[in-house]
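Q: Dropping the structure in here first, questions after.
The values are calculated or read from the model by the stated rules, or taken from the named source; none is laboratory data. Because the structure is a prediction, the values reported are computed rather than measured. No Cβ is skipped: glycine too gets one built from the backbone with ideal geometry, and neighbour counts run over all protein chains shown. With ligands, DNA and RNA removed, areas are computed over all heavy atoms of the protein, side chains included. Shrake-Rupley method; radii C 1.70, N 1.55, O 1.52, S 1.80 Å.
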Amino acid sequence: MSQALIEFGSTVSQALAQNVTKVEIIHGELILWVPREAIVPALTYLRDDSHCLFNMLVDVTAVDYPERPERFEIVYNLLSLRLNRRVRVKFTTDEDTPVPSVTSVYSTAGWFEREVWDMFGVFFSDNPDLRRILTDYGFEGHPLRKDFPLTGYVELRYDDEQKRVVYEPVKLKQEFRSFDFVSPWEGMNNVLPGDEKAGE
């Protein structure tokens, strides 16, 4: 199976010579790395070529590596039902550079791109409906960034007097980051009744 993937990967990389920068096989899965600006022609080829026929966009997601200059890896998972084959297409981007939308190639990409925008803050240019999909419209930040605070910035609750949902700054009953994580059983130094028998 891996030899077939190697041959298929080399065939695709030759056909998309300037649009594939690296071909990898990790855990038995083919991964194609493309430049950010070449994602639309690369996915169009993978969808339309008779040796590929990746007609189904299964998912678009992102992975955050905050220490890198281009901190986000954008990942497209494709499936060919006719050829029973999967491929993963990747590229990197930063938080400021817009990524070309692939809604012209796969109409289902609109929802996936909205989710990546909402959760990671990666902007997709030419997406016809790029807005929040999982968080509230007034939400600040992007929850799946690895530098996003665990508590967020605001909390919401239903106010019975105002008869509506109200937003308030996060108020914690205790300092959130001052836990020592010591178990009360392991951290106890007192002698318990019956411990004197343990030494016998």
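Q: Tell me, please, whether a residue that is open to solvent by 30 Å² or more (accessible area, probe 1.4 Å) and either more than 30 Å from P169 (Cβ to Cβ) or under 12 Å from the mean Cα position of the chain (by Cα) (or both) can be found in region 128-138.
A: Scanning region 128-138, I find at least one residue that is open to solvent by 30 Å² or more (accessible area, probe 1.4 Å) and either more than 30 Å from P169 (Cβ to Cβ) or under 12 Å from the mean Cα position of the chain (by Cα) (or both), so the answer is yes.
Q: Same structure again: Out of curiosity, is F120 over 26 Å from A4 (Cβ atoms), at pLDDT 95 or above, buried (at least 17 other Cβ atoms within 10 Å of the Cβ) and touching a His at 6+ places or on another chain (Cβ under 7 Å)? Lay out the reasoning, then the answer.
A: Details: over 26 Å from A4 (Cβ atoms): yes; at pLDDT 95 or above: yes; buried (at least 17 other Cβ atoms within 10 Å of the Cβ): yes; touching a His at 6+ places or on another chain (Cβ under 7 Å): yes.
When the stated conditions are applied, F120 passes them.
Q: Hey, any hits in region 171-181 for a residue that's at pLDDT 85 or above, out of contact with any Gly (no Cβ under 6 Å at 6 or more places or on another chain), assigned to a loop (DSSP other than H, G, I, E, B) and not hydroxyl-bearing (S, T, Y)? Before you say what the answer is, go through the steps one by one.
A: Step one: filter region 171-181 for residues at pLDDT 85 or above, giving none.
No, there is no match, as no residue in region 171-181 is at pLDDT 85 or above, out of contact with any Gly (no Cβ under 6 Å at 6 or more places or on another chain), assigned to a loop (DSSP other than H, G, I, E, B) and not hydroxyl-bearing (S, T, Y).
Q: Have a look at Y106, Y76, Y65 and point out the one that is open to solvent by 60 Å² or more (accessible area, probe 1.4 Å), farther than 30 Å from L156 by Cβ and modelled with pLDDT of 95 or more.
A: Working: Y106 fails: open to solvent by 60 Å² or more (accessible area, probe 1.4 Å); Y76 fails: open to solvent by 60 Å² or more (accessible area, probe 1.4 Å).
Within the list Y106, Y76, Y65, the selection yields Y65.
Q: Sticking with this structure for a sec: Does V105 fit the bill of being over 17 Å from the mean Cα position of the chain (by Cα), of a type in the set (A, V, I, L, M) and assigned to a loop (DSSP other than H, G, I, E, B)? Can you show your working first?
A: On the way: over 17 Å from the mean Cα position of the chain (by Cα): yes; of a type in the set (A, V, I, L, M): yes; assigned to a loop (DSSP other than H, G, I, E, B): yes.
Here the answer is yes, as V105 does meet what is asked.
Q: What are the residue pairs meeting all of these: first residue in region 116-145, first residue part of a loop (DSSP other than H, G, I, E, B), second residue surrounded by 14 or more Cβ atoms within 10 Å (Cβ to Cβ) and among the hydroxyl-bearing types (S, T, Y), Cβ atoms under 7 Å, and 6 or more apart or on different chains?
A: Filtered contacts from region 116-145: V122/T93; D126/S101; N127/S101; N127/T103; P128/T103; P143/T135.
Q: Also, I was wondering about something else. Suppose we keep only residues that are more than 25 Å from the chain's Cα centre (by Cα) and in a helix (DSSP H, G or I) within region 16-38. Which one would you say is surrounded by the fewest Cβ atoms within 10 Å (Cβ to Cβ)?
A: Going residue by residue through region 16-38, those that are more than 25 Å from the chain's Cα centre (by Cα) are 16-18.
Narrowing the set further to residues that are in a helix (DSSP H, G or I) leaves 17-18.
Values: A17: 7, Q18: 9.
Of everything passing the filter in region 16-38, A17 is surrounded by the fewest Cβ atoms within 10 Å (Cβ to Cβ).
Q: Considering only residues of region 79-103 that are out of contact with any strand residue (DSSP E or B) (no Cβ under 9 Å at 6 or more places or on another chain) and under 19 Å from D49 (Cβ atoms), which is surrounded by the fewest Cβ atoms within 10 Å (Cβ to Cβ)? Write out each step before concluding.
A: From region 79-103, those out of contact with any strand residue (DSSP E or B) (no Cβ under 9 Å at 6 or more places or on another chain) are 82-84, 96-97; that's our starting set.
The next check asks that each one be under 19 Å from D49 (Cβ atoms); those that pass are 82-84.
Values: R82: 10, L83: 13, N84: 7.
Result: N84.
Q: Can you pull out the residues in region 110-129 that are under 23 Å from Y65 (Cα atoms), of a type outside the set (F, W, Y) and touching a strand residue (DSSP E or B) at 6+ places or on another chain (Cβ under 7 Å)?
A: Hits for region 110-129 are E113, V116, V122, S125.
Q: Among the numbered criteria (1) closer than 12 Å to F91 by Cα; (2) part of a helix (DSSP H, G or I); (3) of a type outside the set (A, V, I, L, M, F, W, C), which single criterion is violated by S13?
A: Result: S13 passes all but (1).
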